[in-house]
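Trainee: Pasting in a structure now, in structure tokens, and then I'll have a few things to ask.
Every number here is computed from the coordinates shown, using simple stated rules; none is lab data. If you're wondering where the values come from, they're calculated on a predicted model, not measured in any experiment. Heads up, the Cβs are rebuilt from the backbone with ideal geometry, glycines too, and the neighbour counts pull from every protein chain shown.
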2 protein chains.
Amino acid sequence: MAYRETEKMRNRKAEARKRIIECTHECVAEGGFRSAQITRIAACAGVATGTIYRHFESKEDLFAEIFRIATQREVNRVAEALATEGDPVVRLETALRQFAERALRGPVMAWALIAEPVDPKVEEERLKFRRAYAELFEQAIRESIEEDSLPVQDARQSSTCVVGAIAESLVGPLSPAQAEGADQADKNDHDPLVDSIICFCMQGLTGTRR
Amino acid sequence: MAYRETEKMRNRKAEARKRIIECTHECVAEGGFRSAQITRIAACAGVATGTIYRHFESKEDLFAEIFRIATQREVNRVAEALATEGDPVVRLETALRQFAERALRGPVMAWALIAEPVDPKVEEERLKFRRAYAELFEQAIRESIEEDSLPVQDARQSSTCVVGAIAESLVGPLSPAQAEGADQADKNDHDPLVDSIICFCMQGLTGTRR
DNA sequence: ACAAAGAATGAATAATGATTCACTACTTAT
DNA sequence: ATAAGTAGTGAATCATTATTCATTCTTTGT
């Protein structure tokens, strides 16, 4: 009875774990899950490959955790935008814009979260992610319909279309613009591209020219 | 000087090649490019793995060819629907419906063509595929704008949104419905799901309630 | 029937990348 | 200082697949 886990050790381990998570996030944001190999992540975090496995059961588990974290952040932003007071359609538009802007700011990560093929455990997280979005957008659409701010429609389906329209708009730019995309990252909040996407989506929802 | 390639042999080879192509198509339609391994394809086509390489330079080349063929078929259908006479907006709607129905009928193949990550040579084909669609839908949208049948908009962007809305609508059903999807394959031409997608898209394009 | 040429074969090889594990180094309590 | 226990290491292993190539089988012209 000599060694007993102490606070100091717990902290150190927690830090290592955090570092691994951050590096994985970084790798995924750079090239998607596909390019995030354990070896690369380990090197980036400054630990041995084996160390990864002291902190995570498997690559799948690690990825699932990354996914959960990244997703939570996105969903929270949208939820915030939807939680304000005022015209429900305006709130919806704001939330969609939020979503589109964030996605276009980090297209590789957005693609990884939305469409990149992943292993089952990660896919499971993705389903929760989708459900979370569905609940948010759908709910907002549904409320708007009840208030006669939107015409009657299949809220779930409309929500899907909206997410798809935005996703596709960024998958296109993905192959050529990957490198340059990072440059124009955080400067302008008023991209005409976003405007035209949002315009399409809002028209799709409202059936009203804007 | 004994053996000289004869007509009979040429035919036999051509048949083998065709069989390989068909089986590859089948495998891709079943589980995407990812699940189409050379061994599986060879087994399905009733030849040895090595034989595949007598007909195709590499897996990438084979896939590129499959992609080209499948794509050509899809694009042709849409082109046909767009080539008719009459109200350009109606033609557009018909073409979109065509596209959506076909995609939802074979969602795995559609996903493979639209969004599955693939090797560079295949990705190159995908770019051509995208360009072909862009040219079709965009052109139609552009013409409609000129005739004042559609409000002024970024035709390229709208086309992207439309493709995305449809694609996302089928990616959702993909994971759960894969198996059952095949069953309801070719029966009904009037799916309410398609209706609501098309409704959203047309409203997105026109800004008019329908 | 025979020999020359090509086609087909599939076991062996190569390449990639996740995971393990025998070992070392470090922490802690006595 | 020492022993007991834990964390970290990274080369070795395992698994998966594309690709090769020495060998066998077929076809063809004489």
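Trainee: Restricting to Cα pairs below 8 Å that are 6+ residues apart, what does the relative contact order work out to for segment A:48-165? Please round to a whole percent.
Mentor: Averaging sequence separation for qualifying contacts and normalising by length gives 28 percent for segment A:48-165.
Trainee: Of A:Thr39, A:Ala14, A:Thr24, whose Cα points farthest to the positive end of the dipole of segment A:1-56 (charges on the beta-carbon: +1 Lys, Arg; -1 Asp, Glu; origin at the Cα centre)?
Mentor: A:Ala14
Trainee: Right, next: Cross-link partners among lysines for B:Lys13, C-alpha distance below 30 Å, same-chain residues fewer than 8 apart left out?
Mentor: Cα-Cα hits under 30 Å: B:Lys59, B:Lys121, B:Lys128.
Trainee: Also, I was wondering about something else. If I model a spin label as a point 7 Å beyond the Cα along the Cα-Cβ vector, how far apart are those points for A:Thr49 and B:Arg210 in nm?
Mentor: Result for the modelled spin labels: 5.5 nm.
Trainee: Which GluC sites (Glu not before Pro) from segment B:1-109 combine a DSSP loop assignment with at most 11 other Cβ atoms within 10 Å?
Mentor: In loop regions of segment B:1-109 (DSSP not H, G, I, E or B), the sparsely surrounded GluC sites (Glu not before Pro) are B:Glu5, B:Glu57, B:Glu85.
Trainee: Assuming a ≥ b ≥ c are the square roots of the Cα gyration tensor eigenvalues, decide whether segment B:1-56 counts as rounded (a/c under 1.5), prolate (otherwise, with a/b larger than b/c) or oblate.
Mentor: Prolate, since a/c reaches 1.5 and a/b exceeds b/c.
Trainee: Below 8 Å, C-alpha to C-alpha, sequence gap of six or more: please give me the relative contact order for segment B:1-56 in percent.
Mentor: So the answer I get is 27 percent.
Trainee: Across peptide B:107-117, what mean number of C-beta atoms from other chains lies inside 10 Å of a residue's C-beta?
Mentor: 2
Trainee: Taking segment B:1-73, which trypsin sites (Lys or Arg not before Pro) meet the DSSP loop condition and have no more than 14 other C-beta atoms within 10 Å?
Mentor: Those satisfying the criteria are B:Arg4.
Trainee: Roughly what would the spin-label model give for B:Lys13 and A:Arg10, points 7 Å off Cα along C-beta, in nm?
Mentor: Rounded to a tenth, the inter-label distance reads 7.3 nm.
Trainee: Under 25 °C and 0.890 mPa s, how fast does segment A:62-168 diffuse according to Stokes-Einstein, given a Kirkwood radius computed over C-alpha pairs? Answer in µm²/s, whole number.
Mentor: 172 µm²/s
Trainee: For the protein assembly as shown, report the % of Cα-Cα distances exceeding 29 Å.
Mentor: 52 percent
Trainee: Taking a point 7 angstrom from the Cα of B:Ile69 along the C-beta vector, which residues in segment B:28-44 have backbone N less than 13 Å away?
Mentor: Answer for segment B:28-44: B:28-29.
Trainee: Which whole number gives the average count of other chain Cβ atoms within 10 Å of the Cβ atoms across peptide A:123-134?
Mentor: Per residue, the average neighbour count from other chains is 1.
Trainee: Now for a different question. Using alpha-carbon pairs under 8 Å, 6+ residues apart, how would you state the relative contact order of chain B in percent?
Mentor: So the answer I get is 20 percent.
Trainee: Give the value in nm², to one decimal: projected area of the alpha carbon convex hull of chain A, averaged over all directions.
Mentor: Projected over every direction and averaged, the Cα hull of chain A covers 14.8 nm².
Trainee: In whole Å, how far is the Cα centre of segment A:24-42 from that of segment A:53-112?
Mentor: 18 Å
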